[in-house]
1. About its Cα centre, how strong a charge dipole does the chain have in debye, to the nearest 20, once Lys and Arg get +1 and Asp and Glu get -1 at the Cβ?
2. Just the projected area, averaged over all directions, of the convex hull on the alpha carbon atoms of the chain: how many nm²?
3. At q = 0.12 Å⁻¹, what log₁₀ I(q)/I(0) does region 60-142 have when each alpha carbon counts as one equal point scatterer in the Debye sum?
4. Would you mind getting the accessible area per residue of region 17-142, heavy atoms of the protein chains only, 1.4 Å probe, in Å²?
5. With a cap of 16 neighbouring Cβ atoms within 10 Å, and only residues DSSP puts in a loop, list the trypsin sites (Lys or Arg not before Pro) found in region 32-123.
6. Determine the share of the chain's accessible area contributed by carbon and sulfur atoms, expressed in whole percent, with a 1.4 angstrom probe.
7. Which residues make up the longest stretch of the chain that has no GluC sites (Glu not before Pro) in a DSSP loop with at most 16 other Cβ atoms within 10 Å?
8. Using 0.36 nm per residue, how much length does the chain from residue 14 to residue 133 gain when fully extended, once their Cα-Cα distance is taken away?
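The values are calculated or read from the model by the stated rules, or taken from the named source; none is laboratory data. What you are looking at is a predicted structure, and each value in this text was computed from that prediction instead of being measured. For neighbour counting, all protein chains shown are included, and Cβ atoms are generated from backbone atoms with ideal geometry for every residue, glycine included. In case anyone asks, the SASA skips ligands and DNA or RNA and just uses the protein heavy atoms, side chains included. Shrake-Rupley method; radii C 1.70, N 1.55, O 1.52, S 1.80 Å.
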Amino acid sequence: MRNRLLAVDATGLLRALGDLRRRRAARFRSRLVRETAREVLVHIVDRQPNETGRARRAWQAALAALSGEGLGSQETEGDAELVERITTTTVRIVNRVDYVRYVEYGTRRLAPRSMVRRSLAETGAILSRLAPALVVEELVRS
């Protein structure tokens, strides 16, 4: 009996599999960044002092914009957007309340509250907690 070789050009299949893998990776990355940013914003809102509520409402508007629930900058002083690139996902969060930087960094008469810096410092721990759970969800989905 002679051995027969079957030659198959699988470049199209390999390309399709690579595209699928990249799309899934981009979707996962986007979801991970969005969920992490949401959690960071929740921490900022919780830490924001609330005398008039204006700065807190701006952070909440940013959270709603990130969640796709709000109008962001169209009606409020807070906004957030997710910027997708081929290999990166970036979140831009804005609080346009004029005094929020004084609350964050302090003044001669006001101690710094550091609500943004403390919340951002927790990003690594948030990612470490969220990433495994999202990986499991992604694997179950496939």
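1. Details: 27 positive and 17 negative charges, 115 e Å.
Computed about the Cα centre, the dipole is about 560 debye.
2. Values: hull surface 51.5 nm².
Over all viewing directions, the chain projects a mean Cα-hull area of 12.9 nm².
3. Here the Debye-derived log intensity ratios amount to -0.53.
4. Details: 8040 Å² over 126 residues.
For region 17-142, the solvent-accessible area averages 64 Å² per residue.
5. Details: sites: 34, 38, 47, 54, 56, 57, 85, 92, 96, 101, 108, 109, 113, 117, 118; in loops: 85, 96, 108, 109, 113.
Answer in residue order: 85, 96, 108, 109.
6. On the way: 5570 of 10080 Å².
The C+S portion of the solvent-accessible surface of the chain is 55 percent.
7. Values: sites that count: 51, 69, 75, 122.
For GluC sites (Glu not before Pro) (loop position, at most 16 other Cβ atoms within 10 Å), the longest site-free span of the chain is 1-50.
8. Details: separation 119, 0.36 × 119 = 42.84 nm, distance 2.87 nm.
Here the answer is 40.0 nm.
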